[in-house]
Amino acid sequence: MDGIVNRVTRLLGVRYPIVQAPMGWIARAQLASAVSNAGGMGIIETSSGELDIVRDEIRKMRDLTDRPFGVNIAQLFVRDPSIVDFVVGEGVRFVTTSAGDPRQYTATLKAAGLTVFHVVPSLATALKAVAAGVDGLVVEGGEGGGFKNPRDVATMVLLPLVCSKVEVPVIAAGGICDGPSMAAAFALGAEGVQMGSRMVAAAESPVHDNWKQAILAAGETDTVFLNRFSRPGLRALRTARSAALEREEHVGMDVFARAMDLYFGGDMEAAIALAGQVIGRIESIKPVADIIAETMAGYHATVARLATPGASGAAARA
Ligand SMILES: Cc1cc2nc3c(=O)[nH]c(=O)nc-3n(C[C@H](O)[C@H](O)[C@H](O)COP(=O)(O)O)c2cc1C
């Protein structure tokens, strides 16, 4: 499969501009190395806060892949700032920073020679990150899974808006799971895509099969937005528990107290399962290598179809 040469693949040193999202407890060596080995960018999480384990996972990556990989610093969850020195010390080349002020770590990480992309949910944050000196942005639409700005804006609106106002390369996140959605993101100005929900349902994802099956069973309306009038906003799979929480004024982080029982024990009511609207489009559990190969094939087919006079939308569905 042809690779893509653009600013994102050059900066990240990857064949395909497909980034696996950082996800607490999930984005660890088993999943991330599969992504890097398939030509994409595997990312190790830090949002679990389990920094000793995360350190081991970063080291494990060296045994599992000789390809580039990155680390996410989820600023909201950083209790021990030494993680920044550790990431620098481990020779990681690519970092995404998220859930915090882009001015906090960018200068330190850049001075150490790392490539830094900041995750942004709005134009104002995008401009702030660019002013802080980041190399690029992950522009994350509100339909995506995970922690969200309560003033959520869909990828279809946010992505072209930000791309029209900044010069730095942009990776699109939120709602992307295949070639046509990747091509759409590129049409709107992105040079890379990040997939979260699609990767939760990958064969190499470590979550319990009940979570993967719940994704396959879910429709596009089967997510809830928690903390609409509070913080942090969260988009999660609709379950009896999350649907009840949707009406609460404030949902605290104690909702994750039994997260391990959900993530790895399969009790879908033990906590909440972060997920994006795109779960409505995910119909099978596949190995990461197939997800990436099929996404690239679908991307090239979509671009070719759009260049064909008189092409109909039906081809996209074929
Ligand atoms: C289970 C889960 C956990 C996530 N945890 C993080 C995180 O730790 N840090 C972060 O920057 N984003 C996190 N996100 C957001 C993803 O990075 C990504 O941007 C989002 O999932 C993209 O939307 P999609 O789900 O439509 O692919 C998480 C998303 C999910 C589904």
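The values are calculated or read from the model by the stated rules, or taken from the named source; none is laboratory data. Just so you know, these numbers come straight off a predicted model, no measurement behind them. Glycine also receives a Cβ, built like all others from the backbone with ideal geometry; neighbour counts cover every protein chain displayed.
Please state which one of ASP66, ASP101, ASP135 is charged (D, E, K, R), more than 24 Å from ALA190 (Cα to Cα) and away from the ligand (no atom under 13 Å from the Cβ).
ASP66
Examine the range 152-160 for a residue that is within 25 Å of PHE229 (Cα to Cα), small (Gly, Ala, Ser) and within 14 Å of the ligand (Cβ to nearest atom), and state whether such a residue exists.
So far as the range 152-160 goes, yes, one or more of its residues are within 25 Å of PHE229 (Cα to Cα), small (Gly, Ala, Ser) and within 14 Å of the ligand (Cβ to nearest atom).
Take the residues of the range 172-194 that are part of a loop (DSSP other than H, G, I, E, B), hydrophobic (A, V, I, L, M, F, W, C) and within 12 Å of the ligand (Cβ to nearest atom): which is nearest to ALA154 (Cα to Cα)?
Ranking the qualifying residues of the range 172-194, first place goes to ILE176.
Of all residues in the range 256-293, how many are touching a strand residue (DSSP E or B) at 6+ places or on another chain (Cβ under 9 Å), within 11 Å of the ligand (Cβ to nearest atom) and assigned to a helix (DSSP H, G or I)?
Residues that pass the stated criteria total 4.
Within the range 11-27, can one find any residue that is of a type in the set (S, T, N, Q) and more than 21 Å from TRP211 (Cα to Cα)?
no
Looking at the range 180-199, I want the residues that are of a type in the set (Asp, Glu) and have a partner that is part of a strand (DSSP E or B) and more than 9 Å from the ligand (Cβ to nearest atom) with Cβ atoms under 7 Å, at least 6 apart or on another chain. Which pairs are those?
Every condition considered, the pairs that remain are GLU191/VAL170.
Need the failing condition index for ALA244 against (1) free of Cβ contacts under 8 Å to residues at least 40 places away in the same chain; (2) outside any helix (DSSP H, G or I), just the number.
Of everything listed in (1) free of Cβ contacts under 8 Å to residues at least 40 places away in the same chain; (2) outside any helix (DSSP H, G or I), ALA244 misses just condition (2).
Please work out which one of (1) hydrophobic (A, V, I, L, M, F, W, C); (2) away from the ligand (no atom under 14 Å from the Cβ); (3) modelled with pLDDT of 95 or more is the condition VAL84 fails and give its number.
Here VAL84 clears every test but (3).
Just need a number here: residues in the range 104-119 that are in a loop (DSSP other than H, G, I, E, B) and within 11 Å of ARG93 (Cβ to Cβ).
3
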